[in-house]
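To start, the structure itself, in structure tokens.
The values are calculated or read from the model by the stated rules, or taken from the named source; none is laboratory data. Because the structure is predicted, anything quoted here is derived from the model rather than measured. Cβ sites come from the backbone with ideal geometry, for glycine too, and all protein chains shown count toward neighbours. Ligands, DNA and RNA are stripped out before the accessible areas are found, and what is left, the full protein with its side chains, is counted by its heavy atoms. Shrake-Rupley method; radii C 1.70, N 1.55, O 1.52, S 1.80 Å.
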Amino acid sequence: MDVKEAIKNIPPFSKLGEILVAGGVVSEEQLKKTLAEQKYSRERIGMLLMKLGYAVEEQIFGALAHQMGLQFISNDELLEADEDVVKVIPEAFARENTLIANSMDDGTLLVAMEDPEDIIAIDNLRKLTELKVIGALASPSGIQSAIDQLYIRIRKAGEVQDVIGDLQIFAESEDEEEGLVDMTRADAGVEDAPVVKLVNMIIADALKERATDIHIEWQDVYVSVRYRIDGVLQEVMTPPHSSHPGIISRLKIISRLNIAEKRLPQDGRFTIKAADREVDVRVSILPTVNGEKIVLRLLDKSGISRSLTQLGFEQDMLHLFKRSIVQPYGMIVVSGPTGSGKSTTLYAALNDIKSVEDNITTVEDPVEYHSGGVNQVQVKPKIGLTFSTALRHILRQDPDKLLIGEIRDGETADIAVKFSLTGHIVFTTLHANDAASTITRFIDIGVPPFLVGSCLLLVMAQRLVRRICPRCKLEYEPDEFEMAALNMTDDEKERYKDIKFYRGKGCVHCRNTGYYDRNGIFEILEIKGPVRTMIYDNANQEEIRAEALKRGMVTLREAALRKISAGITTVREVLRVTVQEYED
């Protein structure tokens, strides 16, 4: 309920209770109960109304402002304040006195205050800002929330500007022996300085926001810049059309691409060094009917991979996974789409089992994590260093454990299978929808069923669901559509009948999405007994899946339901990431 609208026609200086009843905030019955309670507690009527749950703080302070004839600033109005106005008052002073600047007009500063009659604070503000100061009433929690959110934005904007100045961009030299070439100011004349600054700002802000991808594309009336944060694209800025050619040209220059070519797709790369971080950027340019679309994939090479316990494994799944990765030979396969955390999981597995006694080697494109104690090979097809070429030479290096970034063709798959059958443990990834289809995908690539059945130890399908933001998490009742869409079985309904549902309200911390960070869900299929026999017999994925379910395999959807039950994610997020199979 809008507090100002509810009480605007009520005479000022009325009793607080009368104002709230007349405005429809509380009922006559609720007011009577509160007044009866006040006889014993001697508390203020406003505090009692909040304690009994009849009104919220914002409504009470709105009524108080009306009663005293003061201007009232609602919580929404506090958050809409111009950041240039807010930073007129130092953050320390604002926190100490529970106040925040809200607007400024013709030398007059309107300040939201817990106590607008605090003459000392107002006098200090006049001296501090050299402006005329007018105090308005606002709820203390609303002021505190505005201080937290707005000053974070102000500090962050300053941090991004600082990063821009320190940002260094390096491109690969055409001469392999020359290494990286500094492209920070390459081909950037005075007239190009604004474009250079804009590109640097886009990249620096993406790093601050934990983005994994940057999408830049031409729209009808503007250029759209979107970041993929926690797996979902969010539009962050809309530069004018006139900036599009400059942005594309600048990114082509630092990626060592052909500026004149606008008809064909192009792929490039460059490296960013900023704030003790090194980020490998993969550049993809695609010609569209509206102009060239560019996507930058950000790979933090200095990032430290998480441990297995931080990935989101349930205890029973973690036990199964750990039991397989300590085997002396065989193959562990993690499947899922791009960006589902497959490499993170495999590096977490390597970190869990690596020791000085083992020779561990990886072949990747690109190398996403730098890990101590691991020999990492970067594939370079241009010079003939492919997955298959690297694997043949690695065999001569006496490896114990091998990680293959991705199996993309039959030749790589054949070498990987032979590795796993000759005394080595192999970790790899494959693009497939679930655990059962990963097996049939291997066969489809060209590996005979008897070899697939012999080499596989464990197949795991993986997805990432967004976590509910811890700072704005609240309980709610899902609507009928959400519950129907979950399509839970009778058994699941019984197991989750007492479940509490949560979602994020949205705040500055999570960019008003209600989500912050991600958590894994897993479908683990151990290859043993009847399942191995079915692979030998070239059974289809439906038959393998049915047998796995009979033996207790937890599906991706069931794993996601567990996350809802634990208050980690939401119904809508589960529906976005997983597929529910319906009965015919």
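In this structure, is GLU542 surrounded by fewer than 17 Cβ atoms within 10 Å (Cβ to Cβ) and modelled with pLDDT of 90 or more? For GLU542, the condition - surrounded by fewer than 17 Cβ atoms within 10 Å (Cβ to Cβ) and modelled with pLDDT of 90 or more - is met. Looking at GLY312, GLY291, GLY339, just one residue is open to solvent by less than 20 Å² (accessible area, probe 1.4 Å) and at positive phi, and that residue is GLY312. Could you please find all residues in segment 321-336 being hydroxyl-bearing (Ser, Thr, Tyr) and open to solvent by 60 Å² or more (accessible area, probe 1.4 Å)? Matches in segment 321-336: TYR329 only.
Within segment 252-282, restricting attention to residues that are at positive phi and not aliphatic (A, V, I, L, M), the residue that is least open to solvent (accessible area, probe 1.4 Å) is ARG256. The number of residues in segment 467-480 being part of a helix (DSSP H, G or I) and either touching a helix residue (DSSP H, G or I) at 6+ places or on another chain (Cβ under 8 Å) or at pLDDT 80 or above (or both) comes to 0. When we screen ARG408, ARG392 for residues that are free of Cβ contacts under 8 Å to residues at least 24 places away in the same chain and more than 34 Å from the chain's Cα centre (by Cα), the only hit is ARG392.
Of all the numbered requirements in (1) open to solvent by 30 Å² or more (accessible area, probe 1.4 Å); (2) within 23 Å of TYR329 (Cβ to Cβ), LEU464 misses one, and that requirement is (2).
With respect to the numbered conditions (1) closer than 24 Å to ILE353 by Cα; (2) in a helix (DSSP H, G or I); (3) under 30 Å from the mean Cα position of the chain (by Cα), which one is the sole condition not fulfilled by LEU403? Of everything listed in (1) closer than 24 Å to ILE353 by Cα; (2) in a helix (DSSP H, G or I); (3) under 30 Å from the mean Cα position of the chain (by Cα), LEU403 misses just condition (2).
Here GLU114 fits the description: free of Cβ contacts under 8 Å to residues at least 40 places away in the same chain, within 18 Å of GLN149 (Cβ to Cβ) and buried (at least 18 other Cβ atoms within 10 Å of the Cβ). Checked against the criteria, ILE19 counts as under 17 Å from HIS66 (Cα atoms) and modelled with pLDDT of 75 or more. The residues of segment 96-111 that are open to solvent by less than 40 Å² (accessible area, probe 1.4 Å) and within 16 Å of GLU80 (Cα to Cα), listed by number, are LEU99, ILE100, ALA101, ASN102, LEU109, LEU110, VAL111.
Would you confirm whether any residue within segment 489-507 is polar (S, T, N, Q) and closer than 23 Å to PRO337 by Cβ? Among the residues of segment 489-507, not one is polar (S, T, N, Q) and closer than 23 Å to PRO337 by Cβ, which makes the answer no.
For segment 211-230, filtered to residues that are open to solvent by less than 20 Å² (accessible area, probe 1.4 Å) and not in a strand (DSSP E or B), the residue that is farthest from VAL574 (Cα to Cα) is ALA211. Is it the case that GLU58 is touching a helix residue (DSSP H, G or I) at 6+ places or on another chain (Cβ under 6 Å), open to solvent by less than 60 Å² (accessible area, probe 1.4 Å) and of a type outside the set (Phe, Trp, Tyr)? For GLU58, the condition - touching a helix residue (DSSP H, G or I) at 6+ places or on another chain (Cβ under 6 Å), open to solvent by less than 60 Å² (accessible area, probe 1.4 Å) and of a type outside the set (Phe, Trp, Tyr) - is met.
Scanning segment 503-539 for residues that are in contact with a strand residue (DSSP E or B) (Cβ under 6 Å, 6 or more places away or on another chain), part of a loop (DSSP other than H, G, I, E, B) and crowded, with 17+ Cβ neighbours inside 10 Å gives CYS510, GLY514, ILE527.
As a summary of the residue check, GLY372 satisfies the conditions (1) open to solvent by less than 30 Å² (accessible area, probe 1.4 Å); (2) small (Gly, Ala, Ser); (3) modelled with pLDDT under 85 except for the one numbered (1).
Among the residues of segment 312-327, those identified as modelled with pLDDT of 90 or more and in contact with a strand residue (DSSP E or B) (Cβ under 7 Å, 6 or more places away or on another chain) are PHE313, MET317, LEU320, PHE321, SER324, ILE325, GLN327.
Here is the figure for segment 406-439: residues that are polar (S, T, N, Q) and in a helix (DSSP H, G or I) total 4. Do you know which of the residues in segment 496-539 that are more than 12 Å from the chain's Cα centre (by Cα) and acidic (Asp, Glu) is nearest to ARG323 (Cα to Cα)? Looking at residues that are more than 12 Å from the chain's Cα centre (by Cα) and acidic (Asp, Glu), I get GLU526. In segment 416-454, of all residues being among the β-branched types (Val, Ile, Thr) and open to solvent by 20 Å² or more (accessible area, probe 1.4 Å), the one that is farthest from GLN541 (Cα to Cα) corresponds to THR422. Take ILE285 and decide whether it is under 23 Å from LYS208 (Cα atoms) and either buried (at least 18 other Cβ atoms within 10 Å of the Cβ) or polar (S, T, N, Q) (or both). Spelling it out, it is not the case that ILE285 is under 23 Å from LYS208 (Cα atoms) and either buried (at least 18 other Cβ atoms within 10 Å of the Cβ) or polar (S, T, N, Q) (or both). Within segment 252-276, the only residue that satisfies the criterion of being closer than 18 Å to ASN290 by Cα and either of a type in the set (S, T, N, Q) or in contact (Cβ under 8 Å) with a residue 40 or more places away in the chain (or both) is GLN266.
Among the residues of segment 76-89, those identified as surrounded by fewer than 19 Cβ atoms within 10 Å (Cβ to Cβ) and assigned to a helix (DSSP H, G or I) are ASP76, GLU77, LEU79, GLU83, ASP84, VAL85.
If only residues of segment 485-502 that are part of a helix (DSSP H, G or I) and open to solvent by 70 Å² or more (accessible area, probe 1.4 Å) are counted, the one that is nearest to LYS563 (Cα to Cα) is ARG495.
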